[in-house]
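What follows is calculated from the coordinates using simple rules that are stated; it is not laboratory data. Just so it is clear, the structure is predicted and the values come from calculations on it, not from any experiment. Here the Cβ positions follow ideal geometry from the backbone for every residue, glycine too, while neighbour counts run over all protein chains shown.
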Amino acid sequence: MKKLFLVLAAAAMTFSTAIAQETATATAEQPATEVVEAVEAPALDAETEIAGESIHYVLMQKFLEGGWGWMLPILVVLVLGMAIAIERILFLSLSTINTKKFIAQVEAALNEGGVEAAKEVCRNTKGPIASIFYQGLDRYHLGLDAVEKAVVSYGSVQTGQLESGLGWLSLFISLSPSLGFMGTVVGLVQSFDSIQAAGDISPALVAGGMKVALLTTLLGLIAAMVLQVFYNYVIVKIDGMVNEMEDASITLTDILTAYSKK
């Protein structure tokens, strides 16, 4: 349920950003005075002469020229991969806390109110570090060895939760160029079929098939590169959080060892 909420929040943020940009563009294109209109007219004419159509129209045209059968699967893979990446980024951001401040609060509560007070601080704090601390404190009455085992075991559980969905993201990174190359092979086959049917070789015969081949390859590579950037960013964030979890676990053991000697 939490993942669904994060994905919907990411989609809403993306949609609102797109609407804002579209509104800003539309507002910027409306001339306030005749002077502005006269100044902007040459630029618009130059853009029309160079590009011919808007970038949105050109992208849609190239997408259709590549063929729905091969371009759409790549686009779906890209969208799904981006959804997973954004959900992971939001989840990691919401799970990040000030570790030093949290440890200081737990230690102060432990010294002032005992284990139950420290557990209450953990219950009121988000993130994997607070969850690990709670599991360790909850087993303090069983001894420090039980605390260490609980911290190690639950640390592995929290690491698995942080890495949830990365397997699918890695699959989409590999699948994007593969679908693009498959479209390339299909485009080449179409070109050779046209040559065989006509019994002659001419640029007009092979142009359609070659265009499909190049466009599908291009979209597949773009999708893979975009997803790879997000994947590496998520991996770096997870590695940083795991290191913080390990350091905090050692600190918790030291705090409880000192507390048991009082």
Consider the stretch 78-101. How many of its residues are more than 30 Å from Gly180 (Cβ to Cβ) and in a helix (DSSP H, G or I)? 6
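Okay, residues lined up against (1) more than 23 Å from the chain's Cα centre (by Cα); (2) buried (at least 19 other Cβ atoms within 10 Å of the Cβ):
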position: Thr99; (1), (2): yes, no
position: Cys122; (1), (2): yes, yes
position: Ile129; (1), (2): no, yes
position: Ile132; (1), (2): yes, yes
position: Leu144; (1), (2): yes, no
position: Gly155; (1), (2): yes, yes
position: Gln161; (1), (2): no, no
Taking the stretch 102-126 and keeping only residues that are small (Gly, Ala, Ser) and part of a helix (DSSP H, G or I), one is left with Ala104, Ala108, Ala109, Gly113, Ala117, Ala118
